[in-house]
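Step one of this worksheet: look at the structure below.
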Amino acid sequence: MTTTIKIENMDAALGARITGVDLARPVDAATRDAIAKAWRDRLILVFPDQNIGDDELIAFTRLFGDLDPPGPNPYGAPFLPEHPEINVISNVMENGKPIGNLGAGEAIWHADMTYIDVPPMGAVLLGLEIPKGEGNTYFANMYAAHDEMPAHLTAAIKGRTCVHDATYNSAGMMRKGYKEVTDPREAPGARHPLVIRHPYTGRDALFLGRRRNAYISGLGLAESEALLDALWAHATQPQFAVTHVWNERDVLMWDNLATLHRRDGFTPTARRVLHRTQIKGARALEAA
Ligand code: SIN
């Protein structure tokens, strides 16, 4: 069935709202291509009011590439054994055990799983239970952060790579199987260029991953820390960002290589449940 997709750009450095598509039904090729183009151009897409379950979430994600299963969580077992390719983001406890990851606190700015050699190129996140007006999620455009970087920062990171620590998630929880890192120079995780050429768009993007235990190769530790602080302060400025205020049944899809995201904390006794899939990256990231 052909659908009439409507794509409205948000009044921000990134983001588009997409209506006229029912993700519970097969998506035709023209609609899929229009979504793929908007994803590349606007980096974060919001599909409101999607009445879908896990099978449809997986089927929709597969339109854009192979699935990339979640990394190790703090509890050492998939949250949905029947769908290990889905990550559950939740603060809810059932029978004394968390049903998902990240709790109710802030999830700090990050991109997903950049601690592996080939990070996922995107993610799709379905909001199932949402505390009204809380737990907003923010996205920042790393093409814009690159293009508007002060000259002294551009010069300071030219040709440099950064260590992306695998130890902690964005809620500060240690992943199962890791031990505390006291010196970022010894952090376990992939090295990526600080400025990447995006494998699908060919555009140059600042690629930071996450701040904790990051280290810029070849610099003294103090110099690396100061430069990283300056880069993060630049990249997370409001003019590069957009805020998503959730409604239940929103589906978000983002470009993980050209954005950072963070989430506000929310009332711990409220229920917040989201299911997330990831789209596998094709190859190691190359320097711009
Ligand atoms: C995440 O993927 O980092 C979590 C986003 C959210 O909970 O809104």
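The values are calculated or read from the model by the stated rules, or taken from the named source; none is laboratory data. In this text the structure is predicted, and so the values were computed from the model without any measurement. Neighbour counts run over all protein chains shown; Cβ positions are idealised from the backbone, glycine included. The area values use the complete protein model at the heavy-atom level, side chains included, leaving out ligands, DNA and RNA. Shrake-Rupley method; radii C 1.70, N 1.55, O 1.52, S 1.80 Å.
Might you check whether a residue that is open to solvent by less than 50 Å² (accessible area, probe 1.4 Å), within 15 Å of the ligand (Cβ to nearest atom) and over 24 Å from MET93 (Cα atoms) occurs anywhere in region 127-138?
Of the residues in region 127-138, the ones open to solvent by less than 50 Å² (accessible area, probe 1.4 Å) are 127-128, 130-131, 135-138.
Now restrict to residues that are within 15 Å of the ligand (Cβ to nearest atom): 127-128, 130-131, 135-138.
Retained after the next criterion (residues that are over 24 Å from MET93 (Cα atoms)): 138.
Looking through region 127-138, at least one residue is open to solvent by less than 50 Å² (accessible area, probe 1.4 Å), within 15 Å of the ligand (Cβ to nearest atom) and over 24 Å from MET93 (Cα atoms).
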Practice task
Scan (1) open to solvent by 10 Å² or more (accessible area, probe 1.4 Å); (2) away from the ligand (no atom under 16 Å from the Cβ); (3) at negative phi; (4) modelled with pLDDT of 95 or more for the single condition THR182 breaks and write down its number.
Solution key: (4)
Practice task
Determine whether VAL251 is within 16 Å of the ligand (Cβ to nearest atom), touching a Leu at 6+ places or on another chain (Cβ under 9 Å) and β-branched (Val, Ile, Thr).
Solution key: yes
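If I filter region 253-262 down to residues being out of contact with any Lys or Arg (no Cβ under 9 Å at 6 or more places or on another chain) and not β-branched (Val, Ile, Thr), which single residue comes out as surrounded by the most Cβ atoms within 10 Å (Cβ to Cβ)?
Of region 253-262, the ones out of contact with any Lys or Arg (no Cβ under 9 Å at 6 or more places or on another chain) are 253-254, 256-257, 259, 261-262.
From what is left, the residues that are not β-branched (Val, Ile, Thr) are 253-254, 256-257, 261-262.
Details: MET253: 23, TRP254: 27, ASN256: 22, LEU257: 25, HIS261: 24, ARG262: 18.
Only one residue fits best here, namely TRP254.
Taking the criterion of being on the phi > 0 side of the Ramachandran plot and under 17 Å from the mean Cα position of the chain (by Cα), would at least one residue in region 253-260 satisfy it? Before you say what the answer is, go through the steps one by one.
Step one: list which residues in region 253-260 are on the phi > 0 side of the Ramachandran plot, which gives none.
No, region 253-260 contains no residue that is on the phi > 0 side of the Ramachandran plot and under 17 Å from the mean Cα position of the chain (by Cα).
Taking region 78-99, which residues are near the ligand (Cβ under 10 Å from one of its atoms) and over 19 Å from ALA166 (Cα atoms)? Show your work before the answer.
Start the filter on region 78-99 by keeping residues that are near the ligand (Cβ under 10 Å from one of its atoms), which leaves 87, 89-91.
Answer for region 78-99, where residues must be near the ligand (Cβ under 10 Å from one of its atoms) and over 19 Å from ALA166 (Cα atoms): SER90, ASN91.
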Problem - Options ASP41, ASP11, ASP33: the member that is part of a loop (DSSP other than H, G, I, E, B) and not aromatic (Phe, Trp, Tyr) - result: ASP11
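For (1) of a type in the set (Lys, Arg); (2) under 26 Å from VAL245 (Cα atoms), each residue gets a yes or a no:
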{"residue": "GLU129", "(1), (2)": "no, yes"}
{"residue": "LYS132", "(1), (2)": "yes, yes"}
{"residue": "TYR138", "(1), (2)": "no, yes"}
{"residue": "ASN141", "(1), (2)": "no, yes"}
{"residue": "ALA144", "(1), (2)": "no, yes"}
{"residue": "THR161", "(1), (2)": "no, no"}
{"residue": "ALA171", "(1), (2)": "no, yes"}
{"residue": "LYS179", "(1), (2)": "yes, no"}
{"residue": "THR182", "(1), (2)": "no, no"}
Problem - Any hit, region 264-273, residues being closer than 27 Å to ASN87 by Cα, in contact with a Phe, Trp or Tyr (Cβ under 7 Å, 6 or more places away or on another chain), within 13 Å of the ligand (Cβ to nearest atom) and at pLDDT 95 or above - result: yes
Fill in the blank from the handout: Picking from GLU106, GLU85, the residue that is open to solvent by 10 Å² or more (accessible area, probe 1.4 Å) and under 22 Å from ASP264 (Cβ atoms) would be GLU106
Problem - Residues of region 60-77 satisfying the condition of being within 16 Å of the ligand (Cβ to nearest atom) and either open to solvent by less than 20 Å² (accessible area, probe 1.4 Å) or part of a loop (DSSP other than H, G, I, E, B) (or both) - result: THR61, ASP68, PRO69, PRO70, GLY71, PRO72, ASN73, PRO74
Fill in the blank from the handout: Sole miss for PRO72 among (1) modelled with pLDDT of 95 or more; (2) of a type outside the set (Ser, Thr, Tyr); (3) closer than 30 Å to ILE116 by Cα is condition (1)
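Looking only at region 192-224, count how many residues are in a strand (DSSP E or B), open to solvent by 20 Å² or more (accessible area, probe 1.4 Å) and more than 22 Å from THR182 (Cβ to Cβ). It would help to see each step written out before you state the result.
Applying the first criterion (in a strand (DSSP E or B)) to region 192-224 yields 192-193, 195-197, 204-206, 215-216.
Add one more test, that the residue is open to solvent by 20 Å² or more (accessible area, probe 1.4 Å), and what stays is 195, 197, 204, 215.
Imposing the further condition that a residue be more than 22 Å from THR182 (Cβ to Cβ) reduces the set to 195, 197, 204.
The number of residues fulfilling the criteria is 3.
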